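Quick one: the structure is below, questions incoming.
FYI, it's all coordinate maths here, none of it is from the lab. Worth saying up front: this structure is predicted, and the values here are computed from it rather than measured. Cβ sites come from the backbone with ideal geometry, for glycine too, and all protein chains shown count toward neighbours.
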Amino acid sequence: MKKMSVLLSVGIAVCLNAWAQTPVRIAPVGFDSLRLDVPHGRIDTVSYPSTTVGTVRRALVYTPPEFPKEGKYPVLYLLHGIGGDEKEWLNGGRPQVILDNLIAEGKAVPMIVVMPNGRAMPDDAPGANIFAPEKVQAFSTFEKDLLDDLIPFIEKTYPVRPDRGNRAIAGLSMGGGQALNFGLGNLDTFAWVGGFSSAPNTKTPEELIPNPAETAAKLKLLWISCGDADNLIRFSRRLHEFCDANQIPHVYNIEPGVHDFKVWKNGLYQFTGLLFR
Ligand code: FER
């Protein structure tokens, strides 16, 4: 009898452990290949007046196939890294191809994707020294530009659903830090938040989530992903561990990889597939 119950508890422990290890999510082959048999969205450049910076600033906007047939669309704000600008995702990540393919297969809700320049300063080019203190500071200033200038502009210009349940924010590296800082810091504006390989600009978990119960209640999705060989993985891991310890539902996707677009494209594929449902 004793032996039976020992066996049973070992069995249960093995099963629980297997359940706890969610399989790593990896996009299927071809997810980022241009397909001529599916309808395509488009990418436009827009200019918006920034009261924060005092200039007219640029962003790229993906509108999905058949836009504006749906009526009103949810919006993802998608942020670049420390060496990038509003074109980094387009040049390195083929977001329009990934979204077109997902939408064609019914695996993503048709959405608008806004790719701004996340360096909120008059000269917002990466410049010769991408780590210059004023350039790094501008990534933080962008929170105000986003909330006060860009979002209002997008919501005036495009047919969008202007509520937190229909706004998402995500980004890669420096943009991942921004997405976590701005998203978790403004849960009345964003219900869907994703950080891919988030950088040292990511606030501490205690700063990001001062009130775990409130965050857990408001968030629809917190996505944290990183390559297992990325030198910056600790910023993702510490947030994941804090969330586990504080019962904050989240997805933690650690995949084989380094600090590059292979990981970020998978992040975009997985994250957008979960949005707005
Ligand atoms: C740093 C290391 C990396 C840092 C930022 C990064 C601000 C960002 C990397 C990226 O965006 O790819 O020390 O400090």
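Could you tell me which helices of the chain pass both thresholds, a Cα extent of 20 Å or more along their own axis and a mean Kyte-Doolittle hydropathy of at least 0.5, with helices taken as whole DSSP H runs?
2-20
Just how large is the dipole of segment 66-122 about the Cα centre, in debye to the nearest 20, putting +1 at every Lys and Arg Cβ and -1 at every Asp and Glu Cβ?
In total the dipole reaches around 80 debye.
Return the sequence-ordered ³J(HN,Hα) values of segment 50-55 in whole Hz as given by the Karplus equation 6.51 cos²θ - 1.76 cosθ + 1.60 applied to θ = phi - 60°, using x for Gly and Pro.
10, 6, 5, 9, x, 9
Can you classify segment 126-273 as rounded, prolate or oblate using the Cα gyration tensor, where a ≥ b ≥ c are the square roots of its eigenvalues, rounded means a/c under 1.5, and otherwise it's prolate if a/b beats b/c and oblate if not?
rounded
If you don't mind, another one. Can you flag which of Lys218/Lys265; Lys107/Lys144; Lys69/Lys156; Lys220/Lys262; Lys107/Lys262; Lys144/Lys218 are past 24 Å Cα-Cα?
Working: Lys218/Lys265 27 Å; Lys107/Lys144 33 Å; Lys69/Lys156 18 Å; Lys220/Lys262 26 Å; Lys107/Lys262 20 Å; Lys144/Lys218 21 Å.
Pairs exceeding the cut-off: Lys218/Lys265; Lys107/Lys144; Lys220/Lys262.
Also, quick follow-up: Could you work out the helix-only [θ] at 222 nm for the chain, with each DSSP H run of four or more residues adding -39,500 (n - 2.57) and the total divided by the number of residues, to the nearest 500 deg cm²/dmol?
-11000 deg cm²/dmol
Still on this structure: Hey, can you rank 256-269, 124-137 by average C-beta count inside 10 Å, highest first?
Ranked from most to least packed, the peptides come out as 256-269, 124-137.
Would you kindly calculate the translational diffusion coefficient of the chain, applying Stokes-Einstein with the Kirkwood radius from alpha carbon pairs, for 25 °C and a viscosity of 0.890 mPa s, and quote it in µm² s⁻¹ without decimals?
127
Turning to a different aspect of this structure: Using a/c under 1.5 as the rounded threshold, could you call segment 35-185 rounded, prolate or oblate? The axes a ≥ b ≥ c are square roots of the C-alpha gyration tensor eigenvalues, and prolate needs a/b larger than b/c, oblate otherwise.
Prolate, because a/c is 1.5 or more and a/b exceeds b/c.
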